[in-house]
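Read-outs throughout are calculated quantities, based only on the coordinates presented, and are distinct from any laboratory measurement. All values reported here derive from a predicted model rather than from experimental measurement. As a convention, Cβ positions derive from the backbone with ideal geometry for all residues, glycine included, and neighbour counts pool all protein chains shown.
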Amino acid sequence: MSDTDPQGGSPTGRSVLVTGGNRGIGRAIAEAFLAQGDRVAVTTRSGGAPDGALDVRCDVTDPAAVDAAFAEVEAAHGPVEVLVANAGITQDTLLLRMSEDDWSSVIDTNLTGSYRLAKRAAKGMLRLRRGRIILISSVVGLLGSAGQANYAASKAGLVGMARSLARELGSRSITTNVVAPGFVETDMTGVLTDEQRDTIKAQVPLGRYAVPAEVASAVTWLASDDAGYVTGAVIPVDGGLGMGH
Ligand code: NDP
């Protein structure tokens, strides 16, 4: 499994699994772990992992596919030591227009998908007696967002889940934390109009969107030895947008 880097004393060569790592925030996270010498597997539905990562197909809404993806990663890289549950979708609309499918598809991907991943990862981590589980939430999970009741509920749910897992798994040196990005330049926010983007930027104390690498920095820190005593935390990477929440 992990070796110790003689330069810095940090673990390298860990088995890292990043869901949704073919683009946007997940890709930046996968690239950051690759750059530090970890063995990275990226799962998506459509493929296209960054160079150097194991490219695994997995729809997180399918429990059998999640199990099969872990088996593939374990065979190639050993048990997953760092899980980053990043895959997520939006299906925005106002409450009275929100269909059962709009609601359940977002909850199933963002929240239940993360439960499936964390449960499968925890099996191996409990045997190793160490591990890092990092869930990618959103500032809107705590702030709320008109037109995003489904998405905000899914992202708020991750906080309760992470804090419960932090309590369940902590005695085995497994940490569970949440990263809550604000608005980040990715395909997900690429659909917003210039007017919407300007309105958002005006509310962000730093006055700009994040780039994906800025979210990745928080994730690699949570996975590092330096964050060994951090669990059940919600780390905002939001330019100050969610302050106080
Ligand atoms: P993108 O839309 O750019 O990418 C989403 C990723 O998730 C893709 O890799 C996609 O791969 C994967 N994915 C979606 N559905 C599934 C599924 N059912 N099974 C497996 N993989 C899936 O998103 P971002 O990079 O912008 O967002 C990444 C995460 O960060 C999400 O959880 C999002 O909610 C969160 N976030 C984003 C913010 C932003 O401003 N962009 C702000 C706050 C949080 P494929 O389609 O190939 O399966």
Nearest-20 debye value, the chain charge dipole, Cβ charges on Lys, Arg, Asp, Glu: 760
Using the Karplus equation 6.51 cos²θ - 1.76 cosθ + 1.60 (θ = phi - 60°), what ³J(HN,Hα) coupling, rounded to whole Hz, does each residue of region 105-110 give in order, writing x for Gly and Pro? 5, 6, 5, 5, 6, 7
Ranked output for segments 66-78, 35-47 by mean other Cβ atoms within 10 Å, highest leading, reads 35-47, 66-78
Using the 2.2 N^0.38 Å rule of thumb for compact globular proteins, work out how the chain stacks up: its C-alpha Rg over that value, please. 0.97
Karplus (6.51, -1.76, 1.60) ³J(HN,Hα), θ = phi - 60°, over region 91-101, in Hz, Gly and Pro reported as x: 8, 7, 5, 5, 3, 5, 9, 7, 7, 4, 5
Run the numbers for Asp101 and Asp59: contour at 0.36 nm per residue of separation, minus the present Cα-Cα distance, in nm. 13.4 nm
Can you list the HN-Hα couplings for region 45-62, worked out from phi with the Karplus curve (6.51, -1.76, 1.60; θ = phi - 60°), rounded to whole Hz and with x for Gly and Pro? 7, 10, x, x, 5, x, 3, x, 9, 6, 9, 10, 7, 6, 8, 5, 7, 10
Given H placed 1.01 Å from N in the peptide plane, which residues other than close sequence neighbours of Val237 have an amide H under 5 Å from its amide H? Ala180, Gly182
Quick one: give the max-minus-min coordinate of the C-alpha atoms of region 122-205 along each principal axis, largest first, in Å. 51, 22, 21
Please give the calculated 222 nm ellipticity per residue for the chain, where each DSSP H segment of at least 4 residues contributes -39500 (n - 2.57) and the sum is spread over every residue; nearest 500 deg cm²/dmol? -12500 deg cm²/dmol
Return the long-range amide H neighbours of Leu54 (sequence gap of 5 or more, or a different chain), with a cut-off of under 5 Å between placed amide H atoms. Val40, Ala41, Val42
